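A short worksheet on the structure shown next.
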Amino acid sequence: MGKKFDVAIMNPPYDRNLHLKILAAVIPHAEKTVNISPVRWLQDPFAPYSTRSDYSRFEESVSKKIETLDVIPAKDASRLFGASFTMNLGIYVCSDKGGYDYQHNDPLVTKIVEKTMESNWVPYSPKKFYQGLIPRKAFSMNVSPLGGSGSSGLDNIMCTTYESQCKTEPMTEKNAYDNQGGHFEFDTEDERRNFYNVYVHPFMKWHMRLWKYNEHNFGYKIPYFSDYTHPWDYKDFFAWFGLTEDEQARVMREIGVSETDESS
(Lines give C-alpha, C1' and ligand atoms only; values in the text may rest on other atoms or scores of the structure.)
Protein backbone atom coordinates (compact mmCIF):
# COMPACT_ATOMS: atom_id res chain seq x y z
CA MET A 1 0.00 0.00 0.00
CA GLY A 2 2.96 2.34 0.53
CA LYS A 3 3.95 4.46 3.45
CA LYS A 4 1.36 5.25 6.12
CA PHE A 5 0.91 8.23 8.40
CA ASP A 6 2.06 7.57 11.96
CA VAL A 7 -1.16 8.82 13.56
CA ALA A 8 -4.46 10.20 12.25
CA ILE A 9 -6.57 12.20 14.73
CA MET A 10 -10.21 12.72 13.77
CA ASN A 11 -13.47 14.29 14.82
CA PRO A 12 -15.62 13.59 11.74
CA PRO A 13 -19.18 14.86 11.08
CA TYR A 14 -21.90 12.93 12.95
CA ASP A 15 -24.41 12.83 10.09
CA ARG A 16 -26.00 9.37 10.19
CA ASN A 17 -23.12 6.94 9.55
CA LEU A 18 -20.87 9.41 7.76
CA HIS A 19 -18.40 9.27 10.65
CA LEU A 20 -18.04 5.52 10.09
CA LYS A 21 -17.51 5.89 6.36
CA ILE A 22 -14.76 8.42 6.99
CA LEU A 23 -13.19 6.30 9.73
CA ALA A 24 -13.19 3.21 7.49
CA ALA A 25 -11.49 5.22 4.73
CA VAL A 26 -8.78 6.66 7.01
CA ILE A 27 -7.79 3.55 9.01
CA PRO A 28 -5.82 1.90 6.15
CA HIS A 29 -3.68 5.04 5.73
CA ALA A 30 -2.36 5.37 9.31
CA GLU A 31 -0.48 3.16 11.72
CA LYS A 32 -2.90 4.33 14.40
CA THR A 33 -6.14 6.29 14.16
CA VAL A 34 -7.62 8.19 17.10
CA ASN A 35 -11.24 9.18 16.56
CA ILE A 36 -14.11 10.65 18.56
CA SER A 37 -17.63 9.94 17.32
CA PRO A 38 -20.91 8.22 18.38
CA VAL A 39 -20.79 4.65 19.68
CA ARG A 40 -24.48 3.68 19.57
CA TRP A 41 -23.86 1.43 16.55
CA LEU A 42 -21.63 -0.75 18.75
CA GLN A 43 -23.79 -0.56 21.88
CA ASP A 44 -27.02 -1.77 20.30
CA PRO A 45 -27.36 -5.52 21.03
CA PHE A 46 -30.04 -5.81 18.33
CA ALA A 47 -27.60 -4.77 15.60
CA PRO A 48 -26.23 -8.27 14.85
CA TYR A 49 -29.76 -9.35 13.90
CA SER A 50 -29.88 -6.90 11.00
CA THR A 51 -27.70 -7.09 7.88
CA ARG A 52 -28.55 -3.43 7.26
CA SER A 53 -27.17 -2.23 10.59
CA ASP A 54 -23.96 -0.22 10.81
CA TYR A 55 -22.68 -2.97 13.07
CA SER A 56 -22.84 -5.41 10.15
CA ARG A 57 -21.75 -2.97 7.44
CA PHE A 58 -18.64 -1.73 9.24
CA GLU A 59 -17.65 -4.84 11.20
CA GLU A 60 -14.64 -5.70 9.03
CA SER A 61 -13.50 -2.17 8.21
CA VAL A 62 -13.96 -0.55 11.65
CA SER A 63 -15.12 -2.83 14.49
CA LYS A 64 -12.32 -5.35 14.09
CA LYS A 65 -9.75 -2.55 13.86
CA ILE A 66 -10.56 -1.07 17.28
CA GLU A 67 -7.81 -1.46 19.90
CA THR A 68 -9.45 0.51 22.72
CA LEU A 69 -12.70 2.40 23.19
CA ASP A 70 -13.47 4.88 25.98
CA VAL A 71 -17.13 5.87 26.20
CA ILE A 72 -18.24 9.41 27.10
CA PRO A 73 -21.90 9.43 28.28
CA ALA A 74 -24.13 11.85 26.41
CA LYS A 75 -24.70 14.10 29.43
CA ASP A 76 -20.95 14.39 30.00
CA ALA A 77 -20.30 15.06 26.32
CA SER A 78 -22.89 17.84 26.37
CA ARG A 79 -21.17 19.44 29.36
CA LEU A 80 -17.64 19.02 28.01
CA PHE A 81 -18.30 20.31 24.51
CA GLY A 82 -21.03 22.86 25.18
CA ALA A 83 -23.45 21.17 22.78
CA SER A 84 -26.54 19.00 23.11
CA PHE A 85 -25.81 15.31 22.59
CA THR A 86 -28.51 12.62 22.59
CA MET A 87 -26.00 9.83 22.10
CA ASN A 88 -22.88 8.57 23.84
CA LEU A 89 -19.55 9.41 22.22
CA GLY A 90 -16.53 7.16 22.03
CA ILE A 91 -12.81 7.80 21.80
CA TYR A 92 -11.66 5.07 19.42
CA VAL A 93 -8.05 3.98 18.94
CA CYS A 94 -7.84 1.89 15.76
CA SER A 95 -5.10 -0.01 13.95
CA ASP A 96 -4.59 -3.23 12.00
CA LYS A 97 -4.01 -5.00 15.34
CA GLY A 98 -7.56 -4.52 16.64
CA GLY A 99 -8.29 -6.62 19.69
CA TYR A 100 -11.11 -4.72 21.43
CA ASP A 101 -14.02 -6.95 22.49
CA TYR A 102 -16.99 -5.02 21.16
CA GLN A 103 -19.43 -7.92 21.48
CA HIS A 104 -22.39 -7.47 23.82
CA ASN A 105 -22.06 -10.16 26.49
CA ASP A 106 -24.58 -9.16 29.16
CA PRO A 107 -26.69 -12.33 29.80
CA LEU A 108 -29.76 -10.37 30.93
CA VAL A 109 -29.71 -8.11 27.88
CA THR A 110 -29.18 -11.12 25.60
CA LYS A 111 -32.19 -12.86 27.15
CA ILE A 112 -34.40 -9.81 26.64
CA VAL A 113 -33.22 -9.27 23.07
CA GLU A 114 -33.86 -12.89 22.10
CA LYS A 115 -37.34 -12.89 23.65
CA THR A 116 -38.20 -9.60 21.97
CA MET A 117 -37.12 -11.01 18.61
CA GLU A 118 -39.61 -13.86 19.06
CA SER A 119 -42.58 -11.47 19.27
CA ASN A 120 -42.28 -7.80 18.31
CA TRP A 121 -44.00 -5.01 16.42
CA VAL A 122 -42.68 -5.97 12.99
CA PRO A 123 -45.90 -7.63 11.69
CA TYR A 124 -48.08 -4.66 12.62
CA SER A 125 -47.35 -2.22 9.83
CA PRO A 126 -50.31 -0.22 8.46
CA LYS A 127 -49.91 -1.73 4.98
CA LYS A 128 -50.63 -5.24 6.31
CA PHE A 129 -53.94 -4.08 7.73
CA TYR A 130 -54.72 -2.28 4.47
CA GLN A 131 -53.90 -5.42 2.48
CA GLY A 132 -56.26 -7.47 4.63
CA LEU A 133 -53.46 -9.62 6.04
CA ILE A 134 -54.56 -8.87 9.62
CA PRO A 135 -58.25 -8.91 10.70
CA ARG A 136 -59.67 -5.45 11.39
CA LYS A 137 -61.08 -4.55 14.81
CA ALA A 138 -63.09 -1.68 16.22
CA PHE A 139 -60.46 0.25 18.19
CA SER A 140 -57.27 1.33 16.43
CA MET A 141 -54.05 3.13 17.28
CA ASN A 142 -51.13 4.36 15.15
CA VAL A 143 -47.70 4.59 16.73
CA SER A 144 -45.10 6.77 15.06
CA PRO A 145 -41.63 5.29 14.44
CA LEU A 146 -40.16 8.37 16.10
CA GLY A 147 -40.16 8.96 19.82
CA GLY A 148 -38.18 10.47 22.62
CA SER A 149 -38.88 14.11 21.89
CA GLY A 150 -39.54 16.68 24.58
CA SER A 151 -39.09 16.13 28.28
CA SER A 152 -39.83 12.40 28.14
CA GLY A 153 -36.27 11.60 27.11
CA LEU A 154 -34.95 9.02 24.69
CA ASP A 155 -36.46 6.08 26.55
CA ASN A 156 -40.04 6.85 25.52
CA ILE A 157 -41.84 4.74 22.90
CA MET A 158 -45.14 6.63 22.82
CA CYS A 159 -44.16 10.08 21.65
CA THR A 160 -47.60 11.68 22.02
CA THR A 161 -50.54 11.52 24.39
CA TYR A 162 -53.00 8.64 24.43
CA GLU A 163 -55.68 10.79 22.82
CA SER A 164 -53.33 11.82 20.00
CA GLN A 165 -52.23 8.24 19.34
CA CYS A 166 -55.88 7.20 19.04
CA LYS A 167 -56.69 9.75 16.34
CA THR A 168 -56.01 7.39 13.45
CA GLU A 169 -57.07 8.33 9.96
CA PRO A 170 -59.21 5.94 7.91
CA MET A 171 -56.97 3.37 6.24
CA THR A 172 -56.11 4.32 2.67
CA GLU A 173 -53.44 3.07 0.31
CA LYS A 174 -51.46 6.29 0.68
CA ASN A 175 -51.31 6.53 4.46
CA ALA A 176 -50.88 2.76 4.79
CA TYR A 177 -47.71 2.84 2.70
CA ASP A 178 -46.43 6.24 3.85
CA ASN A 179 -46.65 5.45 7.57
CA GLN A 180 -43.58 3.51 8.64
CA GLY A 181 -44.74 3.09 12.22
CA GLY A 182 -47.00 0.49 13.78
CA HIS A 183 -50.77 0.10 13.47
CA PHE A 184 -52.63 -1.83 16.15
CA GLU A 185 -56.28 -2.76 16.54
CA PHE A 186 -58.24 -4.06 19.52
CA ASP A 187 -61.66 -5.43 20.38
CA THR A 188 -62.28 -3.03 23.26
CA GLU A 189 -61.32 0.41 24.49
CA ASP A 190 -59.85 -1.17 27.63
CA GLU A 191 -57.43 -3.24 25.52
CA ARG A 192 -56.31 -0.18 23.62
CA ARG A 193 -55.75 1.76 26.84
CA ASN A 194 -53.85 -1.18 28.37
CA PHE A 195 -51.67 -1.36 25.27
CA TYR A 196 -50.71 2.30 25.63
CA ASN A 197 -50.08 1.96 29.35
CA VAL A 198 -47.76 -1.00 28.79
CA TYR A 199 -45.38 1.11 26.73
CA VAL A 200 -45.26 4.02 29.16
CA HIS A 201 -44.65 1.70 32.12
CA PRO A 202 -41.29 2.13 33.94
CA PHE A 203 -40.30 -1.40 32.93
CA MET A 204 -40.65 -0.62 29.22
CA LYS A 205 -38.73 2.62 29.62
CA TRP A 206 -35.95 0.59 31.23
CA HIS A 207 -36.25 -1.94 28.37
CA MET A 208 -35.74 0.79 25.77
CA ARG A 209 -32.86 2.42 27.64
CA LEU A 210 -30.84 -0.77 27.14
CA TRP A 211 -30.35 0.09 23.46
CA LYS A 212 -32.05 3.41 22.78
CA TYR A 213 -29.24 5.59 21.50
CA ASN A 214 -31.14 7.79 19.07
CA GLU A 215 -34.71 8.89 18.35
CA HIS A 216 -35.79 5.95 16.21
CA ASN A 217 -38.02 3.16 17.50
CA PHE A 218 -37.63 0.20 15.19
CA GLY A 219 -40.38 -2.42 15.38
CA TYR A 220 -38.02 -5.36 15.88
CA LYS A 221 -36.77 -3.78 19.13
CA ILE A 222 -40.19 -3.47 20.77
CA PRO A 223 -41.97 -6.54 22.21
CA TYR A 224 -45.57 -7.30 21.33
CA PHE A 225 -47.21 -8.97 24.32
CA SER A 226 -50.29 -10.37 22.52
CA ASP A 227 -52.59 -10.11 25.55
CA TYR A 228 -53.67 -6.59 26.47
CA THR A 229 -56.97 -7.58 28.08
CA HIS A 230 -55.60 -6.66 31.51
CA PRO A 231 -53.27 -3.97 32.89
CA TRP A 232 -49.64 -5.11 33.06
CA ASP A 233 -47.47 -4.85 36.15
CA TYR A 234 -43.89 -5.82 36.96
CA LYS A 235 -44.84 -9.45 37.64
CA ASP A 236 -46.32 -9.74 34.15
CA PHE A 237 -43.18 -8.37 32.49
CA PHE A 238 -40.91 -10.58 34.57
CA ALA A 239 -42.96 -13.66 33.70
CA TRP A 240 -43.12 -12.87 29.96
CA PHE A 241 -39.33 -12.44 29.72
CA GLY A 242 -38.67 -15.37 32.08
CA LEU A 243 -36.48 -13.38 34.45
CA THR A 244 -34.91 -15.03 37.48
CA GLU A 245 -35.20 -13.51 40.94
CA ASP A 246 -31.68 -12.07 40.65
CA GLU A 247 -32.50 -10.58 37.26
CA GLN A 248 -35.72 -9.11 38.62
CA ALA A 249 -33.81 -7.55 41.50
CA ARG A 250 -31.33 -6.01 39.08
CA VAL A 251 -34.13 -4.56 36.96
CA MET A 252 -35.77 -3.01 39.98
CA ARG A 253 -32.47 -1.52 41.15
CA GLU A 254 -31.84 0.00 37.75
CA ILE A 255 -35.35 1.39 37.50
CA GLY A 256 -34.95 2.83 40.96
CA VAL A 257 -38.27 1.57 42.26
CA SER A 258 -38.53 0.68 45.95
CA GLU A 259 -40.07 -2.59 47.10
CA THR A 260 -43.20 -0.77 48.22
CA ASP A 261 -43.82 0.41 44.65
CA GLU A 262 -43.33 -2.95 42.93
CA SER A 263 -47.04 -3.61 42.68
CA SER A 264 -47.71 -0.49 40.59
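The values are calculated or read from the model by the stated rules, or taken from the named source; none is laboratory data. Only a predicted model underlies this, so the values are computations on that prediction, with no experimental measurement involved. Glycine also receives a Cβ, built like all others from the backbone with ideal geometry; neighbour counts cover every protein chain displayed.
Here is how the numbers come out for the structure above:
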item: Filtered residue count, segment 9-36, keeping only those that are assigned to a helix (DSSP H, G or I) and of a type in the set (Gly, Ala, Ser); result: 2
item: Number of positions in segment 154-198 that are in a helix (DSSP H, G or I) and among the polar types (S, T, N, Q); result: 5
item: Candidate set: segment 160-183, residues that are over 10 Å from Pro126 (Cα atoms), surrounded by 14 or more Cβ atoms within 10 Å (Cβ to Cβ) and out of contact with any Lys or Arg (no Cβ under 8 Å at 6 or more places or on another chain); chosen: the one modelled with the lowest pLDDT; result: Thr160
item: Strands (runs of 3 or more DSSP E) completely within segment 57-143 that count 1 or more residues being in the same structural domain as Ile22 (by TED's automatic domain parsing) and in contact (Cβ under 8 Å) with a residue 12 or more places away in the chain; result: 66-72, 89-94
item: Looking only at segment 40-83, and only at residues there that are over 23 Å from Glu114 (Cα atoms) and charged (D, E, K, R), the one that is surrounded by the most Cβ atoms within 10 Å (Cβ to Cβ); result: Lys65
item: Qualifying residues in segment 37-56 (those that are in a helix (DSSP H, G or I) and among the small types (Gly, Ala, Ser)) - the one farthest from Val122 (Cα to Cα); result: Ser56
item: Some residue of segment 219-235 being modelled with pLDDT of 85 or more, surrounded by fewer than 19 Cβ atoms within 10 Å (Cβ to Cβ) and among the small types (Gly, Ala, Ser); result: yes
item: Residue in segment 184-203 that is surrounded by 18 or more Cβ atoms within 10 Å (Cβ to Cβ) and modelled with pLDDT under 90 present; result: no
item: From the options Glu254, Glu247, residue that is at pLDDT 95 or above, closer than 27 Å to Asn88 by Cβ, outside any loop (DSSP other than H, G, I, E, B) and charged (D, E, K, R); result: Glu247
item: From Met141, Met117, Met87, residue being surrounded by 17 or more Cβ atoms within 10 Å (Cβ to Cβ), closer than 27 Å to Val200 by Cβ and at pLDDT 90 or above; result: Met141
item: Selection status of Ile36, more than 21 Å from Phe218 (Cβ to Cβ) and out of contact with any Ser or Thr (no Cβ under 7 Å at 6 or more places or on another chain); result: yes
item: Leu42 vs. criteria hydrophobic (A, V, I, L, M, F, W, C), under 30 Å from Trp240 (Cα atoms) and not assigned by TED's automatic domain parsing to the domain that holds Gly219; result: yes
item: Any chance Ala74 is out of contact with any helix residue (DSSP H, G or I) (no Cβ under 9 Å at 6 or more places or on another chain), at pLDDT below 90 and of a type outside the set (Ser, Thr, Tyr); result: yes
